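Enquirer: Here's a structure for you.
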Amino acid sequence: MSVPLDLPELSADEADHSAELVARVREVITKAGGWIDFAQFMQLALYSPGLGYYSAGARKFGAAGDFITAPEVAPVFSRCLAVQCAEVLRHLGAPDACILELGAGSGVMAAELLAELERQGTVPAEYLILDLSADLRERQRATLKQAVPHLLNRVRWLDSLPEESFAGLVIANEVLDALTVQRFAIRQGEVNALGVSDEFGRLVLAEVRGGERLVAAVRQIERDTGLKLPDGYESEVCLGLSPWLGAIGASLERGVMLFVDYGLPRREYYSPERTRGTLLCHFRHRFHEDALTRVGLQDITAWVDFTAVAAAAEDAGFDVSGYTTQAHFLIGAGLGDFVANVEGLDLVRRLNLSRQAMVLTLPGEMGERFKVIALSRDYDAPLRGFATRDLRHTL
Ligand SMILES: C[S@@+](CC[C@H](N)C(=O)[O-])C[C@H]1O[C@@H](n2cnc3c(N)ncnc32)[C@H](O)[C@@H]1O
């Protein structure tokens, strides 16, 4: 994929904001001796206090932002997810069961989910939200206050993972893709780390010989796929995934974690044809590969290696109890019923609902690119979202 050069122009304020963040990144590079790895750059670009993409006031989600996520496209996405959560809550039968949502964005999924759980008679004891972005907390509160004011007292925002483990669910939509990744390149059989350095005041990509952890991770990928990655091959790997998932898993004593994201099993992720990896930047609904432009003003993401998620979960003491496409998950969780049950909706709303269902499920839209993985601990009941198609064998 080439970098489009026709990205929308920046306002003077936006240009200043980005320049300030670039100056901060340059300081960090200087202190580090002239080079930082890509994960560190991504952390700074997305989460630098007051300046990073997720820490400053950018609009981000929705038509007026940079990208649209499934809960923003269609409330029915969150309603189906609620059906799956209700099934788990009922089976757990614990009056103090909670839901922990990671990375709640604008809060729209939490609002729809709570409303549907209420309709199903399964509102959790608490709905916890943990988001790296403090800036989004007020937006989430406003969304919830408007949509479900009477349930706001069940919602609690956390600054860190709960100290006491709980029974219930952990859910996250499009959060795994926001975890920082290391980029690598194969050069004459060796693994180089692709990072960032400062060339006369300009951020540039620069390579150094890969460190021990990166080299071990790439060699593991080669063993798992049975392929020797060819010279010139570039991709990325999320070294922080396993400790991150382990820490989250430690909060869940009993129940299910559900992660929805765009991604692939390892064999497809690191296929020899995918020679430039999956890193993408999102700026006002354009996507491109240049992470060093629009710093602080654009999202930077990478696809999820779901085989790595499954392995990290197993290391953390979880079973992989489901893996399927978003389309099959939503159908299993009752999307058809929601679309068919249109009593009381006028024609325009009915058409809208059908259109939204198509965006969520068609292969060329979000249906196959997005996957859902269920990771369970001390929970052995079937999960209806995974009943129509089981893709665990592909992991
Ligand atoms: C692409 S947005 C998705 C937002 C929302 N879930 C949705 O679907 O619209 C990623 C969200 O994850 C949050 N995030 C990223 N890394 C996180 C982490 N390690 N823990 C918690 N939240 C995180 C970001 O602040 C942001 O709210």
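Enquirer: One residue is enough: does the stretch 44-54 have a residue meeting the conditions near the ligand (Cβ under 9 Å from one of its atoms) and in a helix (DSSP H, G or I)?
Expert: Yes - at least one qualifying residue is present in the stretch 44-54.
Enquirer: Starting from the stretch 99-122, take each residue that is on the phi > 0 side of the Ramachandran plot and list its partners that are more than 13 Å from the ligand (Cβ to nearest atom), counting only C-beta distances under 6 angstrom and pairs at least six apart or across chains.
Expert: From the stretch 99-122, the pairs are G107/L144.
Enquirer: Next up: Quick check: anything in the stretch 194-213 more than 15 Å from the ligand (Cβ to nearest atom), of a type in the set (V, I, T) and crowded, with 21+ Cβ neighbours inside 10 Å?
Expert: Filtering the stretch 194-213 for residues more than 15 Å from the ligand (Cβ to nearest atom) gives 194-213.
Keeping just the survivors that are of a type in the set (V, I, T) gives 196, 204, 208.
When the remaining residues are screened for being crowded, with 21+ Cβ neighbours inside 10 Å, the result is 196.
Looking through the stretch 194-213, at least one residue is more than 15 Å from the ligand (Cβ to nearest atom), of a type in the set (V, I, T) and crowded, with 21+ Cβ neighbours inside 10 Å.
Enquirer: Evaluate the stretch 166-187: report whether one residue or more is farther than 24 Å from V372 by Cα and either β-branched (V, I, T) or within 13 Å of the ligand (Cβ to nearest atom) (or both). Let's see the steps before the verdict.
Expert: From the stretch 166-187, those farther than 24 Å from V372 by Cα are 183-187; that's our starting set.
Retained after the next criterion (residues that are either β-branched (V, I, T) or within 13 Å of the ligand (Cβ to nearest atom) (or both)): 186.
Yes, some residue in the stretch 166-187 is farther than 24 Å from V372 by Cα and either β-branched (V, I, T) or within 13 Å of the ligand (Cβ to nearest atom) (or both).
Enquirer: Look at the stretch 238-271 and say how many of its residues are touching a strand residue (DSSP E or B) at 6+ places or on another chain (Cβ under 6 Å), part of a strand (DSSP E or B) and under 23 Å from T69 (Cα atoms).
Expert: Qualifying residue count for the region: 8.
Enquirer: Separate question: Pairs needed: first member in the stretch 235-247, of a type in the set (F, W, Y); second member anywhere, within 13 Å of the ligand (Cβ to nearest atom); C-beta distance under 7 Å; at least 6 residues apart or different chains.
Expert: Every condition considered, the pairs that remain are W244/L179.
Enquirer: Oh, and also: Cβ-Cβ distance below 7 Å, separation of 6 or more or different chains: which pairs start in the stretch 348-373 with a residue that is among the polar types (S, T, N, Q) and end on one that is assigned to a loop (DSSP other than H, G, I, E, B)?
Expert: Correct list of pairs: Q356/A74; T361/G367.
Enquirer: So which residues in the stretch 220-236 are closer than 15 Å to S271 by Cβ, away from the ligand (no atom under 16 Å from the Cβ) and surrounded by 14 or more Cβ atoms within 10 Å (Cβ to Cβ), if there are any at all?
Expert: Result: I221, E222, D224, T225, L227, L229, Y233, E234, S235.
Conditions (1) among the small types (G, A, S); (2) in a helix (DSSP H, G or I); (3) within 15 Å of the ligand (Cβ to nearest atom), marked per residue:
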| residue | (1), (2), (3) |
| --- | --- |
| E273 | no, no, no |
| A312 | yes, yes, yes |
| G317 | yes, no, no |
| T324 | no, no, no |
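Enquirer: Output the residues belonging to the stretch 105-129 that are aliphatic (A, V, I, L, M), within 16 Å of the ligand (Cβ to nearest atom) and under 21 Å from A333 (Cα atoms).
Expert: Listed by number, the residues that qualify are V108, M109, A110, A111, L113, L114.
Enquirer: Here's another thing I want to ask about it. Filtering the stretch 343-372 down to residues that are surrounded by 15 or more Cβ atoms within 10 Å (Cβ to Cβ) and polar (S, T, N, Q), which residue is modelled with the highest pLDDT?
Expert: It comes out as T361.
Enquirer: Is there a residue in the stretch 60-75 that is modelled with pLDDT of 95 or more and touching a strand residue (DSSP E or B) at 6+ places or on another chain (Cβ under 8 Å)?
Expert: Going residue by residue through the stretch 60-75, those that are modelled with pLDDT of 95 or more are none.
There is no residue in the stretch 60-75 that is modelled with pLDDT of 95 or more and touching a strand residue (DSSP E or B) at 6+ places or on another chain (Cβ under 8 Å).
Enquirer: Among L375, L330, which is assigned to a helix (DSSP H, G or I), buried (at least 20 other Cβ atoms within 10 Å of the Cβ) and within 19 Å of the chain's Cα centre (by Cα)? Working first, answer last.
Expert: Values: L375 fails: assigned to a helix (DSSP H, G or I).
Exactly one residue qualifies, and that residue is L330.
Enquirer: Being modelled with pLDDT of 95 or more, farther than 30 Å from A193 by Cβ, touching a helix residue (DSSP H, G or I) at 6+ places or on another chain (Cβ under 8 Å) and of a type in the set (V, I, T), is that true of even one residue in the stretch 292-311?
Expert: Within the stretch 292-311, none of the residues are modelled with pLDDT of 95 or more, farther than 30 Å from A193 by Cβ, touching a helix residue (DSSP H, G or I) at 6+ places or on another chain (Cβ under 8 Å) and of a type in the set (V, I, T).
Enquirer: Looking only at the stretch 90-132, how many residues end up being more than 19 Å from the chain's Cα centre (by Cα), surrounded by fewer than 23 Cβ atoms within 10 Å (Cβ to Cβ) and part of a loop (DSSP other than H, G, I, E, B)?
Expert: Result for the stretch 90-132: 10.
The values are calculated or read from the model by the stated rules, or taken from the named source; none is laboratory data. If you're wondering where the values come from, they're calculated on a predicted model, not measured in any experiment. Because the Cβ atoms are built from the backbone with ideal geometry, glycine has one as well, and the counts that use them run over all protein chains shown.
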